[in-house]
Amino acid sequence: MKKTVQDVMEMISANDIKMVDFKMVDIHGQYRHVTIPAQNFTEEMMESGVGFDASNYGYAVVEKSDMVFIPDPDTACIDPFCSIPTLSMTGDAMIIDHPRNRPLAQYPRNIVRAAENYMKETGIADTMLILPEFEFYLFDQVGWEVRPNCVGMSIDVNQAYWNSDVADTGCVVPKQKAYHVAKPFDASYECRSEMCLRMEEAGIAIKYHHPEVGAAGQFEIEPQLGEMSKMADATMMIKYIIRNTAMKYGKTATFMPKPVYGEAGNGMHVHMLLLKDGEPVFSDDNGYSHLSETAHYFMGGLLKHIASLCALTNPSTNSFKRLVPGFEAPVTVGYATSNRSAVIRIPAYAKSPKMRRFELRNPDATCNPYFCYAAILMAGLDGVKNRIDPHANGWGPYDMNLYHLPEEEKKKLKSLPTSLEEALDALEQDHDYLTAGGVFPEELIKNFIAGKRAECRELAAIPHPAEFERYYNT
């Protein structure tokens, strides 16, 4: 049941709330926030909002940057990481206009809702359910420096294999062998259990948590399926809870796609299915892997636009250090059942008609989740509208391990971009499917590409320690 303004006022009173915190989202998918004393919070503020400068969020030019933040009462929850009782809410950005304010089209929450509305207008479906898997590392120590005379980083995990000579307990995990290890090797179990309890308190239903493959402290938390727009909000809160709970336990959490050389990377696989009038759109007992024609066309749209999608689903230079063979990360443009080497995997265990789905395996959590999920939906809808058949286009199904194909066969396969610059090139050339129905503003795409290109240039200019090892004495 949706919360009302009155529900929020009652939450403030019943929990002796002293501060009300408004969490906003910038163009990169990071929280920004403004806090007011609870006695200053009124019902009128839920309509009039709080002013802010959107130019610092990456959305608008300075001379047109005055915006208003309107809190969404349905997102109200008590922030467990504040010693002073604090109520937290996210919400929407509005352009100040007369006689009425209007939504800022570039704001992430507005884009994900616009994508949902576009989906309904097409008649293909009225609900998209998604399930992102959150992989992350927990480190006991991390540090880095980027100076003219010193460039480097260091991490440490007490139970990592490189500490076998100093571990007092002998509880070290062999490299790439941490998947589902139990106590005493699973030393962060209580930390992750508390993360999940905090998520449940915030209204986010959790499926499970467990150690992942990376022995240097890699883990996964998986929520239950949820509506796309709500799951975008939940993604922001899940990352917030993971990071803050880790700090409570003296650890630091990262969603960085490839933080440890030679270990598994962090992905954010996104499972998805469509409903119309409550009925599954993707299910067909007679289809390949029990998926309908519509589901196949949806996959076709994702595969056709996958290169440009990567700019939004994998928007960091580090993302492409994960998308390499040998670490269960996808590198091939294709689909298959129970095959982790293809970018789209159809889980064989999803047997119920209402649960039949597939997952896109390339995304990672450096993305802005609102842009990522909306872009995935728009690419899939484009595939359905244009009847893009993935099999007819030679994208599968690949029911074999693509990593082990002979080299001549591998050359016939289409691969994901190998760099952020390559993905940005693709987005520059291929984004009409995003702007359909006015969902992604052209201005936002241009701003996003320009910002990311500047990021690429800056990072490319910094000497890397491995370059010293390779080239210093050449």
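No value in this document is a laboratory result; all are computed from the given coordinates. Treat the numbers as computed from the prediction; the structure is a model and nothing was measured. Virtual Cβ from ideal backbone geometry, glycine too; neighbours counted across all protein chains shown.
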Reach of LYS183 by Cα under 28 Å, taken over lysines that are not fewer than 8 positions away in the same chain:
LYS175, LYS207, LYS239, LYS248, LYS251, LYS258
Among DSSP bridges having both ends in the range 76-176, what percentage is antiparallel? Round to the nearest 5.
90 percent
Rg/Rh over Cα atoms for the range 134-266, Kirkwood Rh, comes to 1.00
Estimated [θ] at 222 nm from DSSP helical runs (n ≥ 4, -39500 (n - 2.57)) normalised by residues in the chain, nearest 500:
-9500 deg cm²/dmol
Kirkwood Rh in Å, taken over the range 5-104 so that all alpha-carbon pairs contribute
14.1 Å
Contact order relative to length of the range 134-266, as percent, for alpha carbon pairs under 8 angstrom and 6 or more apart:
31 percent
Below 14 angstrom from the Cβ of LYS304, what's the summed charge of the other residues (Lys, Arg +1; Asp, Glu -1)?
-1
Whole-number value, in Å³ per residue, for the convex hull of the alpha carbons of the range 318-474 is 163 Å³
With a sphere of radius 14 Å drawn around the Cβ of ASP233, what net charge do the other residues whose Cβ falls strictly inside it have (Lys, Arg +1; Asp, Glu -1)?
+2
Could you state the principal axis extents of the C-alpha atoms in the range 188-264, from the largest down, to the nearest angstrom?
36, 24, 18
Positive-end extreme of charge dipole, the chain - chosen from SER229, HIS180, LEU197 (charges on Cβ):
HIS180
GLN30: net charge of surrounding residues, Cβ under 13 Å, Lys/Arg +1, Asp/Glu -1, itself excluded?
+3
What order, most packed first, do the peptides 249-258, 265-274, 120-129 have when packing is the mean number of other Cβ atoms within 10 Å of each residue?
265-274, 249-258, 120-129
Magnitude of the charge dipole, the range 122-213, Cβ model with Lys/Arg +1 and Asp/Glu -1, debye to 20
200 debye
Highest first, please rank the peptides 314-321, 360-367, 175-182 by the mean number of other Cβ atoms sitting within 10 Å of their residues.
360-367, 314-321, 175-182
Normalised by the number of residues in the range 5-104, what is the relative contact order in percent for Cα pairs under 8 Å and 6+ residues apart?
28 percent
Roughly how big is the range 5-104's charge dipole about its Cα centre, with Cβ charges of +1 (Lys, Arg) and -1 (Asp, Glu), in debye to the nearest 20?
260 debye
Can you tell me which aspartates and glutamates have their Cα less than 13 Å from the Cα of LYS385? Leave out same-chain residues fewer than eight positions away.
GLU121, GLU293
Please get the size of the charge dipole for the chain, origin at its Cα centre, with Cβ charges of +1 on Lys and Arg and -1 on Asp and Glu, quoted in debye to the nearest 20.
720 debye
Under a Cβ-Cβ limit of 4.7 Å, which cysteines in the chain have nobody to pair with?
CYS77, CYS82, CYS150, CYS171, CYS191, CYS196, CYS310, CYS456
